[in-house]
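Data first, discussion second: the structure below is written as structure tokens.
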Amino acid sequence: MTHHFSRRRALATLAATAGSGALAGCFERSSDDGDGRNDTASGDTDGSTDASAVWPAIDDGEVLSDFETLDEWFTPKGRVEPAPDEARTGTRAARLEGDDVEAELSISFPDGLDLEGWDTSIAVKPESATRIVVEFIAPDRDNRLTTVRQLPNEYDGWFRLDCGYEHKPTGDPDVMNEPDLTNVTRINVVAVGPEGEPPRIVVDDLRRTEAVDNGKAILAFYDGHESHYEIAADLLEERGWSGAVPVDPGRVGGGSRIGFDELRDLRDRGWDVCAYPRSESALTEQPEDRQRTVAEAARDALADRGFEDGSRHFFAPSWRRMTPTTHEVVRDYYETGFLFGSCPVGAPPTGPHMTPVIWGPALHNGVRRHINLCDQYRQLTVIRIPPIVDEEAPDGDVMSLGDFEHLLDHLEHRGLDVITPSDLVDGMDAVEHQEPAGSETRPDGVVFEAGESHSFDGSGSNDTDAVDLSEGLVTGEFTHDGDGPFEVSVVPEDGAGSGERLVTRADGDGESVAVVDGGSYRLEVDADGGWSIDLDQPGVRADDLDDPPVEAGGDGSAVVGPLWAPDALSLGVTHNGTGSVVVDGLGTDGSREQLVNRTGAFDATRSYAAGGVCWIDVEAAGNWTLEIGDP
């Protein structure tokens, strides 16, 4: 749809700045003896410092607990004791350990702690732990936000954990769970030990720092493959976005990787070309002097070739591995570092050299949820993009073009600012702020004029003859006698754009919906049996709009709406079938946000950044229910 391309360009021109609080040089640090004990924390923006604070303690923001007294903390699981030899700030830290799989340390706020508009972080030393979980009870367990930070097995040194929100409870579909960060009554810090070993961690310097005013995302195109340049770069540019390309300078141009000329072109388009030094053996297994040589050489090789900005950023070559020694090396030679961790963080992170990254192809297994939560709570997610292939269900470490486009559409619909690592370091005042859908004015009168009606039938996969459609809503009532899924797209006859999905993956009969520009269109049908489709373009008026709360249910595929939603919606979704269930939100501008794409039974709550007149498109193999309300 050409309408989408013009909309993206319009969004890219919006210049409302995102106040970030990030300043150039905010990650400066002094060198120490290698264990961080003599490394002073960076100063506040007014130049003040806390002489007693050592890395990874910081002096930005506000202290929630300095662990000087443990009377305010209690241990539902395990035990806690003072750790004066490990103090990062003041005279003591706290050591938490347990005898079972988990140990838990908790602090209560009887009058409620206001964390709305704040990010939380804590200094942690995982002496024996593979995962750290931080829960924000707001105000009860049915309304909580959770940080889950996966740790490299060999990491047992200090680092700063930025508490990005990765989960919130779905609860009973009759209850719309929504944590209230203005009323946090308890924070739980949970250590999960290695298999067969009890957990043990040291903690200090729990703080809150001001959040930015809009969610952020970094797209990292590891290794700079041809598809990143030939496909992704243009798709980002039409939205006004730039990405990061982590490369090994010694491997540029080899295999399917692009060369330095293409990398310079990306640099000139605002991209960061970053260090991703790879070798025959894992960097973390090499002697410290060799690690320093590799880190420095990769940084300098990029800077010498004109990539000074990007050369300041390190992406771990074995992205699930990090040791205290390697972390120290990265901190000495780079201003940021990225590795697997699968958790959002504050923007900018207070622990910038171990910023977690999530695997991009896990679109329906974490990535979309991260984007939604970063939108809601104004945090940062970093997404790794492997080579992109034009296949529907590719094997291996690649990402389908369809999923990549879906990812970009979802970022755009949610209104996240897509930034580069250099934006984190240099400050985000110049970042073009993307406005999400929302805060619309309720229409008065006609939303869509009535248009055309057409009927088609056939057998198997084929294209229909072209027909004329008016600008507006298109509904499709369909039947399908095949055993496999039924998919239909409405495609412009002149080849402008890739078309609109009408039916995503239906089983059996039902109804679906799309929005099109006026023009000549054909249907592309993928089926394994006989089928029929009746297209209709009904008129939509303001009097037709339903206001939430709205309840609906059925068996098979159906459309709920039109609805009026000036901002976001919360959807409680259940599905009792054994087949697939796909739930999309559709706006009058053609924007489509996929809310659910699962197989089998499903019972959860989803948020939808609706912003105006919208429809909920359900394609299900079994019985389903929707409870639609305000968030």
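Laid out as a table, the results:
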read-out: Residue-averaged [θ]222 nm for the chain, counting only DSSP H segments that reach four residues, each worth -39500 (n - 2.57); value: -4000 deg cm²/dmol
read-out: Accessible area in square angstrom per residue, the chain, 1.4 angstrom probe; value: 38
read-out: Cα-Cα P(r), the range 446-629, percent of pairs per 10 Å interval; value: 10, 38, 37, 15, 0
read-out: Sequence-separation-based contact order of the range 453-571, relative, with Cα cut under 8 Å and 6+ spacing, percent; value: 35
read-out: Unit charges at the beta carbon, dipole of the range 216-426: most positive-side option, GLY346, LEU236, GLY366; value: GLY346
read-out: Positive-end extreme of charge dipole, the chain - chosen from ILE533, THR323, GLY612 (charges on Cβ); value: THR323
read-out: Amide H contacts under 5 Å for ASP66, placed H, 5+ residues apart; value: none
read-out: Positive minus negative residues near VAL190 (Lys, Arg vs Asp, Glu; Cβ under 10 Å); value: -1
read-out: Stokes-Einstein diffusion coefficient of the chain, Kirkwood radius over Cα pairs, 37 °C, 0.692 mPa s, in µm²/s; value: 126
read-out: Lys, Arg +1 and Asp, Glu -1 on Cβ, resulting dipole of the chain about Cα centre, debye, nearest 20; value: 1820
read-out: Between helix 368-377 and the chain: long-axis angle, C-alpha atoms, 0 to 90°, nearest 10; value: 70
read-out: Vicinal HN-Hα couplings computed from phi for the range 569-580 (Karplus, 6.51 cos²θ - 1.76 cosθ + 1.60; Hz; Gly/Pro x); value: 10, 10, 10, x, 10, 10, 8, 10, x, 9, x, 8
read-out: Of all accessible heavy-atom area on the chain, the percent that carbon and sulfur account for (1.4 Å); value: 42
read-out: The chain: relative contact order in percent, alpha carbon pairs under 8 Å with at least 6 residues between; value: 13
read-out: Whole-Hz ³J(HN,Hα) from phi, Karplus 6.51 cos²θ - 1.76 cosθ + 1.60, for the range 194-202, glycine and proline x; value: x, 4, x, 10, x, x, 7, 9, 10
read-out: Radius 14 Å from Cβ of PRO317, net charge of other residues (Lys, Arg +1; Asp, Glu -1); value: +3
read-out: Helix 324-333 vs. the chain, principal-axis angle (Cα, 0 to 90°, nearest 10); value: 80
read-out: Net charge, GLY530 excluded, C-beta distance under 10 Å - Lys, Arg +1, Asp, Glu -1; value: -3
read-out: Given charges at beta-carbon only (K, R positive; D, E negative), |dipole| of the range 62-210 in Debye; value: 260
read-out: Positive-end residue of ALA138, SER106, SER121, charge dipole of the range 62-210 with Cβ unit charges; value: SER121
read-out: Degrees, to the nearest 10: 401-414 long Cα axis against longest axis of the chain; value: 80
read-out: Percentage relative contact order, the range 499-627, counting C-alpha pairs under 8 Å, at least six apart; value: 33
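The values are calculated or read from the model by the stated rules, or taken from the named source; none is laboratory data. Quick caveat: nothing in here was measured; it's all calculated off a predicted structure. Heads up, the Cβs are rebuilt from the backbone with ideal geometry, glycines too, and the neighbour counts pull from every protein chain shown. For accessibility, only protein heavy atoms count, side chains too; no ligands or nucleic acids. Shrake-Rupley method; radii C 1.70, N 1.55, O 1.52, S 1.80 Å.
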